[in-house]
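The values are calculated or read from the model by the stated rules, or taken from the named source; none is laboratory data. This one's a predicted model, so the numbers in the text were calculated from it and none came from an experiment. For neighbour counting, all protein chains shown are included, and Cβ atoms are generated from backbone atoms with ideal geometry for every residue, glycine included. To get the accessible areas, we keep the full protein, side chains included, count just its heavy atoms, and leave off ligands, DNA and RNA. Shrake-Rupley method; radii C 1.70, N 1.55, O 1.52, S 1.80 Å.
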Amino acid sequence: MAEDMTIDSYLAAGGMLTNPTNVPARYRAELMKLMATFVDSELAGAAGFADIINQGPGIKERIAAAKIVLEKTDNADRVLRIMGEFGADTQRYANHHPWTARLERDADIGAARTEQDMRLAVFNYPIQGWADAVMMNLLMARAVVVQLADFTMISYQPLAEAFRTIAPIETRHGELALEGAAKLVEEGGAETLQASANYWWPRVAASFGTGSAGRTEALRAMGLRRTGNAEMRTRWEAEAANLLESLGLKRP
């Protein structure tokens, strides 16, 4: 970084930071929020899916579900270790929230979250049965892949590298869900899957949030965002609709 360049202007010019030293307060706050949202969502997602493992119709499906639980937990740990470098209590963190807690199925909280639990709102809704889990994972995995495409380019290099490691793992989770959904369709489960798609579509879509243009621009200036919420949601809608169409299902 040039001696006469401020950190803010360095970041706005595309610069990268590599450690917590001299990180601006606003940058640190936004970075921690991003990491907490990811970690909380992965832990809550893993907890919800763990409850469904034994509902898998066969050994292969149960192995796939268990693999997803393991890898989501590992992905959370990978990012949590970086949070620890910023002072987060990593030993207490994983046990701090009731990760299995869920709302009523018909609850509607939009994109709401709390400071105590930063999971994306979609992870507050309960999964009902194996087909429902498969569809939720299919739609949400595609949303995560879209979001990670942006996160892998953020200006905090250690986190960008962690997300580059995580991205293909999350992509594979979506592939496993697609395989599971295709099998269910073959076995006559299309109607059940369509009902689940209708339920999860708006809740996954809400994961992209709204976000003011001003905040998005501020995040762009810090190198913590490349793509706006609306653009990411539009990409997800197109890709998720294609997945449903490949299964003979309709976009809700």
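Computing FRET efficiency as 1/(1 + (r/R0)^6) for Thr6 and Thr227, where r is the C-beta to C-beta distance and R0 is 30 Å, gives about 0.75.
Relative to the dominant Cα principal axis of the chain, helix 59-85 is inclined by about 10°. Between the beta carbons of Arg26 and Arg62, assuming R0 = 45 Å, the FRET efficiency works out to 0.50 to the nearest 0.05.
Would you please give the FRET efficiency between Thr210 and Thr234, computed as 1/(1 + (r/R0)^6) with r the Cβ-Cβ distance and R0 = 22 Å, to the nearest 0.05? The value I calculate is 0.95. Altogether, the Stokes-Einstein calculation at 10 °C and 1.306 mPa s, with the Kirkwood radius of region 26-135 over Cα pairs as Rh, returns a diffusion coefficient of 107 µm²/s. For Ile109 and Gln55 in the same chain, what is the full-extension length gain: residue separation times 0.36 nm, less their Cα-Cα distance, in nm? Length difference between fully extended and current span is 16.7 nm. When the Cα convex hull of region 13-80 is projected onto planes of every orientation, the mean area is 5.9 nm². For Met16 and Arg251, the difference between the fully extended length at 0.36 nm per residue and the C-alpha to C-alpha distance is 80.7 nm. Note on region 86-178: with charges restricted to the Cβ of Lys and Arg (+1) and Asp and Glu (-1), its dipole about the Cα centre is near 160 debye. Between Ser212, Ser196, Ser155, the residue with the greatest mean-square fluctuation in the GNM of the chain (Cα pairs under 10 Å linked by springs) is Ser212. Spacing of the modelled spin labels on Gln128 and Ala241, each 7 Å from Cα toward Cβ, amounts to 2.7 nm.
Solvent-accessible area assigned to carbon and sulfur over region 1-51 amounts to 53 percent, based on a 1.4 Å probe. For the chain, the dipole from Cβ point charges (+1 on Lys and Arg, -1 on Asp and Glu) about the Cα centre works out to 60 debye, to the nearest 20. The listed peptides 170-178, 11-19, ordered by packing as a protection proxy, come out as 170-178, 11-19 (highest mean of other Cβ atoms within 10 Å first). Two decimals, Cα atoms only, Kirkwood Rh: what is Rg/Rh over region 172-244? Reported Rg/Rh (Cα atoms, Kirkwood Rh): 1.13.
Kirkwood analysis of the Cα pair distances in region 106-252 returns a hydrodynamic radius of 16.2 Å.
The modelled label-to-label distance for the pair Asn95/Glu186, using points 7 Å beyond Cα in the direction of Cβ, is 4.4 nm.
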